[in-house]
Amino acid sequence: MPKFLEYLLIAVVIAILLALSRWIGQQAYTWMPIQATAEAQKVDDLFSFLVSIGAFIIFVLLGMMVFSIIFFRAPTNDYSEGHPSRGDIRLEILWTATPTVLVLWLAFQGVNIYQQLHILGLQQIVQLPTPLESAAAYAITTGEKPKPAAETIEVFVKQWDWSFRYPNNVISQELHLPVNLRTRLNMHAKDVLHSFYVPDFRLQQYIVPGRNIDLVVTPIRPGKYKLKDALFSGTYFSLMDADVLVESPEQYNQWLTQAQQELATNQNQAVAEYTQPPTTMLKSGWYTVAPSQEGIAQENYVKNDT
């Protein structure tokens with residue numbers, strides 16, 4: 001076969017593999033939960049690209065293996081060694097430069113997404129690991145300025161309770177967010193490491209005791225979602241979830257007004273589980289943290305008032 005036809009055939013095969021890999025990458029969007037935030041779209045785009053690249057590499061490797069098996073089979077009773085491939089500088093450059101460029105591009109995209117989330121506090125964790133420094137000192141030493149957001153909601157977590165405090169001092173165990181508005185979440189953990197995880201937001205953020213960690217989310221799809229703690233935190237870990245409601249600004253303001261007029265009731269399911277009489281004859285005797293009926297947001301609110 002003439003060289004030109006060989007190159008043309010290889011180009012056609014590569015084009016087919018690229019198209020097939022691209023199609024598989026598009027299918028990756030259906031493997032994920034719905035995109036409930038603007039940031040989720042960027043994460044899914046990156047995931048789809050990675051799937052496309054992975055599929056293309058697999059197809060190329062499998063194709064080369066099948067091609068070699070079909071066209072380069074050794075004759076019967078031929079046990080001689082094949083010719084080794086050494087000293088091909090073009091091949092060395094290709095398989096060194098390609099992964100390097102790909103990894104650098106992925107790192108750039110990852111940093112870009114984190115910058116859009118405006119996560120603050122992580123740099124401070126690395127530079128000043130002592131837990132005794134105050135929040136004011138942190139603000140001065142980092143020099144990071146919070147980006148404008150329509151609203152700031154305080155997020156408090158402890159074993160085993162999520163609480164949310166809104167600008168008008170409304171405290172709730174549900175996280176309400178206005179749609180299409182940037183909202184800053186200022187997160188605090190009381191006791192141990194927790195993780196703020198909403199799969200539909202493509203967002204998972206560790207919350208470190210003694211640190212205030214901010215991030216900004218932009219919900220784009222009204223609906224009801226589930227907040228989970230992605231870090232195991234003890235006996236009642238399975239109860240560490242909360243509802244996240246994304247509403248129109250009108251519904252959000254109406255809920256804020258209504259919640260301000262109503263008396264907040266804290267229904268801690270961990271407390272209900274803890275106070276139930278034992279159902280078995282044998283007791284493990286293992287130590288566990290007794291859950292508190294009072295929400296952590298309410299505790300902080302009382303301390304601030306006193």
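The values are calculated or read from the model by the stated rules, or taken from the named source; none is laboratory data. Remember, it's a predicted structure, so these values are computed and weren't measured experimentally. Because the Cβ atoms are built from the backbone with ideal geometry, glycine has one as well, and the counts that use them run over all protein chains shown. Note: accessible area is taken over every heavy atom of the protein model, side chains too, but ligands, DNA and RNA are not part of it. Shrake-Rupley method; radii C 1.70, N 1.55, O 1.52, S 1.80 Å.
Name the trypsin sites (Lys or Arg not before Pro) in region 178-283 that are in a loop by DSSP and that have at most 12 other C-beta atoms within 10 Å, would you? For trypsin sites (Lys or Arg not before Pro) across region 178-283 that sit outside H, G, I, E and B with at most 12 neighbouring Cβ atoms in 10 Å, the list reads 283. By accessible area, using a 1.4 Å probe on protein heavy atoms only, region 222-270 has 49% of its surface on carbon and sulfur.
Of the chymotrypsin sites (Phe, Trp or Tyr not before Pro) found in region 171-257, those in coil by DSSP whose Cβ has at most 16 other Cβ atoms within 10 Å are 232. Per residue, the accessible area of region 1-92 comes to 79 Å² when a 1.4 Å probe rolls over the protein heavy atoms. Model label points for residue 26 and residue 61, set 7 angstrom from Cα along the Cα-to-Cβ axis, are 2.6 nm apart.
Rolling a 1.4 angstrom probe over region 5-54 with all protein chains present gives an accessible area of which 76% lies on carbon and sulfur atoms. Rounded to the nearest whole Hz, the Karplus-based 3J(HN,Hα) values (6.51 cos²θ - 1.76 cosθ + 1.60, θ = phi - 60°) of region 95-101 follow the sequence 7, 8, 6, 4, x, 5, 5, with x at glycine and proline. Local charge for residue 38 was computed over the other residues whose Cβ lies under 13 Å away, with Lys and Arg +1 and Asp and Glu -1, and equals 0.
Amide H contacts of residue 226 (H built 1.01 Å from N, in plane; Pro and chain starts excluded): 200, 244 sit under 5 Å, all sequence-distant by 5 or more or on other chains.
Rolling a 1.4 Å probe over the protein heavy atoms gives region 176-282 an accessible area of 53 Å² per residue. Spin-label model, residue 92 to residue 152: label points 7 Å out along the Cα-to-beta-carbon direction sit 5.6 nm apart. Here residue 253 and residue 102 are evaluated by their C-beta separation; at R0 = 41 Å the FRET efficiency comes out at 0.35. For residue 203, the residues 5 or more places off, or on other chains, whose built amide H falls under 5 Å of its own are 198.
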